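To start, the structure under review is shown below, and the notes come after it.
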Amino acid sequence: MKADLHSHSFFSDGKQTPEFLVQRAIENGLSHLAITDHDCTDALAALPADQDRLVVIKGVEISCQWNSMEVHIVGLFISPQHAEMLDLLHVQQQQRKLRAQAMNDKLELLGIHGLSAYFESLPCISYTRSHVADFLVMQKICKNRQKTFKSYLGKRGKIFVKSNWCSLTKAISCINAAGGIAVIAHPGRYSLSKRKLEQLADDFKSCGGEAIEGSYSNIDPIMQKYLRDLALSRSLYLSAGSDFHDANAHWTDIGKFPALDQQAQKNAIWLHPKWHS
Ligand code: AMP
Ligand code: MN
Ligand code: MN
Ligand code: MN
């Protein structure tokens, strides 16, 4: 068995179709793939119910607020049509559109036009900063994505707009209501101190969260061990996924991330009862 439990299609900021992701996962020898778009589940409806050679796990990645910081919570095995989930994702998508509009207004003040029209030309349901980054590169305003985040989209950027996400509690309760397992996405990418990460794991667990990602693309071995021990010490399950966005970014290909080590396997998410139900 080989599972990739975090990936994005073009319904959020991925570059490819859900069908492409499924084909890629099969080519790369996976047995399970979770599609986890930012605040949207449209990819799941676009797929045939039965995949012969691959188990497709229905997922989502919800952006939320925890102590004024932004944290991403993945939901796995969710029922996308659950009313509470539909309501939350609708609100999150509206927030994304409002934020994109505000970024467009700021760009226009800088004499840069066309962001709104660009969004309308895309197949995405969730409007993300990755799309704005692509637009700025296309317009030759920045050389690459990294630079757009540094000078335009990040906290100190020229067109930064604060996001108005739901709370951590809300994201977890909604995932649980929809029958899913809540997972802290890429915990090492938030630049949190160890003390803060432990606090996050404790708050997350007390709200009904059950797992953390213990491996993802480009994770360093020290962080991987740290997250494993964090999960084991708090009886949290360990998930793992590439956070795939684009087949042209070969360093984050589907299935490409370090395997969970032997100790981590003791709490691997595939031992969760929902994996087998
Ligand atoms: P959003 O959820 O709309 O704020 O967009 C966040 C997305 O932008 C993430 O899911 C990443 O795919 C991408 N992203 C965030 N930070 C960076 C960065 N520094 N460089 C490139 N892409 C980034
Ligand atoms: Mn993304
Ligand atoms: Mn994320
Ligand atoms: Mn992601």
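For the peptides 237-245, 18-26, 196-204, what is the packing order when you average, over each peptide's residues, the other Cβ atoms within 10 Å and list the highest mean first? Before the final figure, lay out the partial values.
Details: 237-245: 25.1, 18-26: 19.8, 196-204: 17.4.
Final packing ranking: 237-245, 18-26, 196-204.
For a quick check, take a GNM of the chain with Cα springs below 10 Å and name the residue from Gly114, Gly29, Gly179 with the largest mean-square fluctuation.
Top of the fluctuation ranking is Gly114.
Taking a probe of 1.4 Å, how large is the accessible area per residue of the chain, in Å²? Don't skip to the end; give the middle numbers.
Numbers: 12690 Å² over 277 residues.
In whole numbers, the chain has 46 Å² accessible per residue.
Convert each backbone phi in region 261-272 into a coupling constant with the Karplus relation 6.51 cos²θ - 1.76 cosθ + 1.60 (shift: θ = phi - 60°), then list the ³J(HN,Hα) values in order as whole Hz, x for Gly and Pro.
These are the phi-based 3J(HN,Hα) values: 6, 4, 5, 5, 4, 4, 10, 4, 5, 6, 8, 5 Hz.
Over the chain, what is the percentage of antiparallel beta bridges among all DSSP beta bridges, to the nearest 5? Show your work: numbers first, answer last.
Details: 12 of 29 bridges.
For the chain, the DSSP antiparallel bridge percentage is about 40.
Once the Cα atoms of helix 221-233 and of the chain are each reduced to a long axis, what angle between those two axes, in degrees from 0 to 90 to the nearest 10, is obtained?
So the helix axis and the longest Cα principal axis differ by about 60 degrees.
Using only the alpha carbon atoms of region 100-153, find the Kirkwood hydrodynamic radius as the inverse mean reciprocal pair distance, in angstroms to one decimal. Could the numbers behind the result be given before it?
Numbers: mean 1/r = 0.0897 Å⁻¹.
Over region 100-153, the inverse of the mean reciprocal pair distance is 11.2 Å.
Could you identify which residue out of Ile172, Ile181, Ile222 has the top mean-square fluctuation in a GNM of the chain using Cα springs shorter than 10 Å?
Looking only at Ile172, Ile181, Ile222, the largest GNM fluctuation is found for Ile222.
Quick one: what do you get for region 167-277 if you divide its Cα Rg by 2.2 N^0.38 Å? Intermediate results must be reported in sequence, preceding the final value.
Working: Rg = 13.8 Å, N = 111, 2.2 N^0.38 = 13.2 Å.
Its radius of gyration relative to the 2.2 N^0.38 Å reference: 1.05.
Amide H neighbours of Ala34 under 5 Å, counting only residues 5+ apart in sequence or on other chains, H built in-plane at 1.01 Å?
For Ala34, the qualifying residues are Asp4, Leu5, His6, Ile57.
For the chain, max minus min Cα coordinate along each principal axis, in Å, sorted largest first?
The Cα atoms of the chain stretch 56, 44, 38 Å along their principal axes.
Where a Cα-Cα gap under 28 Å defines reach, which lysines qualify for Lys2, not counting those fewer than 8 residues away within the same chain?
Here the lysines satisfying the reach criterion relative to Lys2 are Lys15, Lys58, Lys205, Lys225, Lys256, Lys266, Lys274.
For the chain, what does the helix formula give at 222 nm: sum of -39500 (n - 2.57) over DSSP H segments with n ≥ 4, over the residue count, nearest 500 deg cm²/dmol? Don't jump to the answer; show the numbers that get you there.
Working: 11 runs with 105 residues, N = 277.
Taken over the chain, the calculation gives -11000 deg cm²/dmol.
³J(HN,Hα) across region 210-216 via Karplus (A = 6.51, B = -1.76, C = 1.60, θ = phi - 60°), whole Hz, x for Gly/Pro?
10, 8, 10, 6, x, 7, 7
Keeping the other protein chains in place, figure out the carbon and sulfur percent of the accessible area of region 100-153, with a 1.4 Å probe. Kindly include the intermediate steps, with their values, before the conclusion.
Numbers: 1580 of 2930 Å².
Using a 1.4 Å probe with all protein chains present, region 100-153 comes out at 54 percent carbon and sulfur.
Give me the angle, in degrees from 0 to 90, between the Cα long axis of helix 83-109 and the longest principal axis of the Cα atoms of the chain, rounded to the nearest 10.
That works out to roughly 30 degrees.
Considering only His186, His113, His90, give the residue with the highest GNM mean-square fluctuation for the chain, with springs between Cα atoms whenever their separation is below 10 Å.
Looking only at His186, His113, His90, the largest GNM fluctuation is found for His113.
When the solvent-accessible surface of protein heavy atoms is calculated with a 1.4 angstrom probe, in what order do Lys194, Lys274 fall, highest first?
Values: Lys194 120, Lys274 65 Å².
Largest accessible area first, the residues go Lys194, Lys274.
Regarding region 39-184, what are the three Cα extents along the principal axes, ordered largest first, in Å?
Principal-axis extents of the Cα atoms in region 39-184, largest first: 47, 38, 23 Å.
Once the Cα atoms of helix 168-177 and of the chain are each reduced to a long axis, what angle between those two axes, in degrees from 0 to 90 to the nearest 10, is obtained?
Roughly 60 degrees, rounded to the nearest 10.
The values are calculated or read from the model by the stated rules, or taken from the named source; none is laboratory data. Please read these numbers as outputs of a predicted model, since none were measured by experiment. FYI the Cβ positions are ideal-geometry reconstructions off the backbone, even for glycines, and counts take in every protein chain you see. Note: accessible area is taken over every heavy atom of the protein model, side chains too, but ligands, DNA and RNA are not part of it. Shrake-Rupley method; radii C 1.70, N 1.55, O 1.52, S 1.80 Å.
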